[in-house]
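Student: Encoded as structure tokens, here's the structure I'll be asking about.
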């Protein structure tokens with residue numbers, strides 16, 4: 001019988017000079033290991049972003065040049081895929097996320113932003129792995145974010161926080 005110990009990617013070994021180095025765990029940056037992993041992935045790709053207190057990733061036109069925005073989005077989606085593989089979202093979380101996205105949609109609309117029609121629950125669940133729907137990403141806020149004042153972006157994210165998959169209760 002072979003027994004294997006799985007070491008999560010967040011655990012690294014540091015050299016202590018002994019034959020058996022002690023593992024150390026990366027320090028938590030927020031209360032969400034999912035948000036921490038996404039933040040680390042995006043910053044490892046060279047982007048300057050901020051991890052907000054609510055576990056969101058904040059990027060601005062000050063740090064993401066307009067001509068590099070498509071590349072930033074591609075890197076963000078790639079990181080989302082990597083993080084999703086490390087922190088799979090179970091059916092319960094997907095249902096909670098759908099409800100949270102609908103609440104965010106209502107909030108954005110209440111603040112005067114247009115948001116595309118939400119998919120049905122079944123469509124959301126069916127497309128989650130390949131094309132997850134997000135209220136923020138399908139809103140005027142996403143379309144205006146490149147020219148929006150930083151204070152306005154922060155205010156709408158405080159008022160209508162973006163749900164973090166895998167971190168909902």
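Student: Would you please classify the overall shape of the stretch 32-150 from the alpha carbon gyration tensor, given that a ≥ b ≥ c denote the square roots of the eigenvalues, rounded means a/c under 1.5, and beyond that prolate means a/b larger than b/c while oblate covers the rest?
Tutor: The shape class here is oblate.
Student: PRE reach from residue 95 (point 7 Å along Cα→Cβ): which of the stretch 132-158 fall under 19 Å by backbone N?
Tutor: 133, by backbone N distance to the label point.
Student: Moving on to the next point. In whole percent, what relative contact order does the stretch 22-108 give with Cα contacts below 8 Å and a gap of six or more residues?
Tutor: Working: 51 pairs, mean separation 19.8, N = 87.
23 percent.
Student: Mind giving me the nanometre distance, one decimal, between the label points for residue 147 and residue 58, set 7 Å out from Cα along Cα→Cβ?
Tutor: 2.3
Student: By counting other Cβ atoms within 10 Å of each Cβ, how are 94, 66 ranked from fewest to most?
Tutor: Ascending number of Cβ neighbours within 10 Å: 66, 94.
Student: Oh, and also: When only Cα pairs under 8 Å and 6 or more residues apart are kept, what is the percent relative contact order across the stretch 93-169?
Tutor: 48 percent.
No value in this document is a laboratory result; all are computed from the given coordinates. This is a predicted model, so every value here is computed, not measured. Note that we place each Cβ from the backbone using ideal geometry, even for glycine, and neighbour counts take in every protein chain shown.
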